[in-house]
Amino acid sequence: MPGTTLVTITDHVIDSGFSTATPVSDLRAARGFWRAVAGTALPHQPRGPTLTAVLRPLRDGDLPAVRDLVVAAGMFTAEETPFLDDVLGPLTRTPGPKGVDGPTCLVDDPGDPSGPVPLTAVVYYRPEEATDRVWDLTMIAVHPTEQGRGSGLALVRQVEADLSGRGARLLAVRTSGTGQYASTRAFYDRCGYDRVAHVPDWWTEGDDLVLFTRRLAPRDE
Ligand SMILES: CC(C)(COP(=O)(O)OP(=O)(O)OC[C@H]1O[C@@H](n2cnc3c(N)ncnc32)[C@H](O)[C@@H]1OP(=O)(O)O)[C@@H](O)C(=O)NCCC(=O)NCCS
């Protein structure tokens, strides 16, 4: 897995997967511009071709920003986030994935040397225990100011490309069947994931498991 991956989020990239050879200086300039605009309460818009993200593995010092991001995205309350230190902390103490089978967390890199800038995207995925090359997309969040512009889809494609390179066979996503998660289910539909299982009362009474999967390699014949 490369140390740093550049992903330019454009219509072309979304259609084709990801990745361009845009110079880092251009990416950072675009990123700085976008942050300046986003910081002025830009109204929600359809995805634009100018949004640019530089993804890199989680590193020491990122955890407070990750906690802020997942709270802003509505995934957890601030009181719920300390568990993330246990889950993600080991990844920051051992830079990069632990070999090709290691859990991985990527964040967008503000690329701004002038000071800390909030993270706007995080994705965490890990191998599924006791399976043959199945991975679990455990967490994905995009800051509300940047949702709906293609970032989430680009993140998913990034994960798929990384895992394909590592020989993964299947990527699975578990979500909830409640109305609160209707938009999340629509997102995975749009990403091309198959709804393969629906388990009533999985998370708790009245809260069903909806399992999505996507093949990353052809079925063995
Ligand atoms: C889910 C999430 C990561 C999606 O990121 P995003 O950047 O907003 O998504 P994108 O802009 O890349 O959307 C990709 C596609 O999904 C579709 N989509 C996204 N949200 C949708 C919704 N609520 N209803 C229908 N389609 C939706 C988009 O329309 C887009 O399709 P298009 O290209 O045809 O327009 C983001 O909304 C988020 O962080 N949500 C809160 C946290 C969460 O629920 N995480 C997942 C559970 S772990």
Looking at segment 182-201 only, could you name the residues that are surrounded by 16 or more Cβ atoms within 10 Å (Cβ to Cβ) and over 17 Å from residue 160 (Cβ atoms)? 184, 185
Near pairs, Cβ below 8 angstrom, 6+ apart or cross-chain, from segment 122-151 (under 14 Å from residue 214 (Cβ atoms)) to any residue that is assigned to a helix (DSSP H, G or I) and near the ligand (Cβ under 9 Å from one of its atoms): 137/156; 140/152; 140/155; 140/156
For segment 122-145, name all the residues that are more than 13 Å from the chain's Cα centre (by Cα) and either of a type in the set (D, E, K, R) or closer than 19 Å to residue 90 by Cβ (or both). 127, 128, 129, 132, 133, 135
Can you list the strands (runs of 3 or more DSSP E) lying wholly within segment 116-189 that have 2 or more residues being among the polar types (S, T, N, Q), modelled with pLDDT of 95 or more and within 13 Å of the ligand (Cβ to nearest atom)? 170-176
Within segment 191-217, can you find the residues that are part of a strand (DSSP E or B) and in contact (Cβ under 8 Å) with a residue 24 or more places away in the chain? 203, 207, 208, 209, 210, 211, 212, 213, 214, 215
Look through 86, 109 and report the one residue that is at pLDDT below 95 and buried (at least 19 other Cβ atoms within 10 Å of the Cβ). 109
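The values are calculated or read from the model by the stated rules, or taken from the named source; none is laboratory data. Owing to the predicted nature of the structure, the values given are computational and were not obtained by experimental measurement. Here the Cβ is made from the backbone with ideal geometry for all residues, glycine too, and neighbour counts use every protein chain on show.
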